[in-house]
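First comes the structure, then the notes that go with it.
Every read-out reported here was derived from the displayed coordinates using simple, explicitly stated rules and does not represent laboratory data. What you see is a predicted model, and the numbers here were worked out from it, not measured in a lab. Cβ placement follows ideal geometry from the backbone for every residue including glycine, while neighbour counts extend to all protein chains displayed.
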Amino acid sequence: MNLILMGCPGAGKGTQSAKLKETLNLKHISTGDVLRAQMAAGTELGKQVAALINQGNLVPDGLMISMLQNIISTTDQGVILDGFPRTVAQAQALDDMMKRLGRQISAVVMIDLPQEEVVKRLSSRRLCKKCGKPAATATQAACECGGELYVRGDDAPQSVKHRLEVYRQQTLPVKEYYQHSGKYVEINGNQTPDQVFEDICNVLKKVK
Ligand code: AMP
């Protein structure tokens with residue numbers, strides 16, 4: 001099974017991917033995580049993309065497509081794509097890539113969330129440096145795993161506003177790209193993570 005998880009920033013793609021990869025034994029590919037790891041390691045690529053990411057802009061398609069190609073072509077495991085494709089050009093490149101590899105996208109799951117809720121979630125989001133999960137409460141000093149909590153540079157209010165605009169302009173057309181493919185499903189993201197997970201699992205029961 002190969003899944004695409006879509007949704008605006010803060011919709012819960014990372015949280016749901018973490019649950020789904022365990023249940024379905026899939027490889028979780030978060031392009032945002034890959035880029036942040038490059039930034040943290042101070043690589044050339046990391047330096048090249050840092051300003052774009054912190055300002056809430058997208059990294060150029062060419063770079064993202066070859067990054068995904070490298071990851072996906074070195075695994076036989078089914079994948080969850082979290083944060084890719086973010087443009088129609090990336091969606092088309094993914095189609096070509098999958099065709100060449102003799103694989104198929106099984107489902108495109110859109111986690112839907114009202115904008116007010118997105119802003120609320122992102123402005124209070126703290127993530128764990130060690131396991132990557134968001135903190136469960138606003139007051140806890142550290143993650144349950146013991147890791148230190150931090151605020152993502154691009155969760156600053158100005159970047160959030162810009163990321164939502166970028167999402168509307170560049171990523172929403174990807175929804176149209178998939179909407180009539182017979183693989184597209186929408187899930188209500190304005191529920192607890194467990195309820196969202198249950199809805200996604202119910203939808204995936206019908207997917208081969
Ligand atoms: P995310 O963790 O998915 O919210 O991604 C964080 C940031 O990484 C985004 O705001 C973009 O700057 C960059 N990024 C991640 N995935 C992509 C992609 N598929 N295309 C372009 N930029 C991306």
Take each of the peptides 27-36, 90-99, average the number of other beta-carbon atoms within 10 Å over its residues, and list them starting from the highest.
27-36, 90-99
Computed on Cα atoms, Rg of the chain relative to 2.2 N^0.38 Å comes out at 0.98
For a label point 7 Å from the Cα of residue 120 along Cα→C-beta, name the residues of the range 1-19 whose backbone N is under 20 Å from it.
7-16
Mind jotting down a quarter of the surface of the convex hull over the alpha carbons of the range 116-208, in square nanometres, one decimal?
7.8 nm²
Go through 13/183; 99/133; 13/99; 21/47; 130/183; 13/205 and tell me which ones have a Cα-Cα distance over 28 Å in this structure.
99/133; 21/47; 130/183
If R₀ is 25 angstrom, what is the calculated FRET efficiency for the pair residue 172 and residue 129, using the beta carbon separation as r and rounding to 0.05?
0.20
Which whole-number percent is the relative contact order of the range 69-166 (Cα, under 8 Å, 6+ apart)?
17 percent
Neighbour-count ranking [beta-carbon atoms within 10 angstrom, fewest first] of 100, 125, 163:
100, 125, 163
What does the charge dipole of the range 1-102 about its Cα centre add up to, to the nearest 20 debye, if the Cβ of each Lys and Arg holds +1 and the Cβ of each Asp and Glu holds -1?
140 debye
Relative exposure of 192, 43, judged by other C-beta atoms within 10 Å (fewest first)
192, 43
Treating only the Cβ of Lys, Arg, Asp and Glu as charged (+1, +1, -1, -1), what charge dipole size does the range 65-110 show about its Cα centre? Round to the nearest 20 debye.
80 debye
Yeah, the range 167-208 with a ≥ b ≥ c from its alpha-carbon gyration tensor (a/c under 1.5 is rounded, else prolate when a/b outruns b/c, oblate otherwise) is oblate
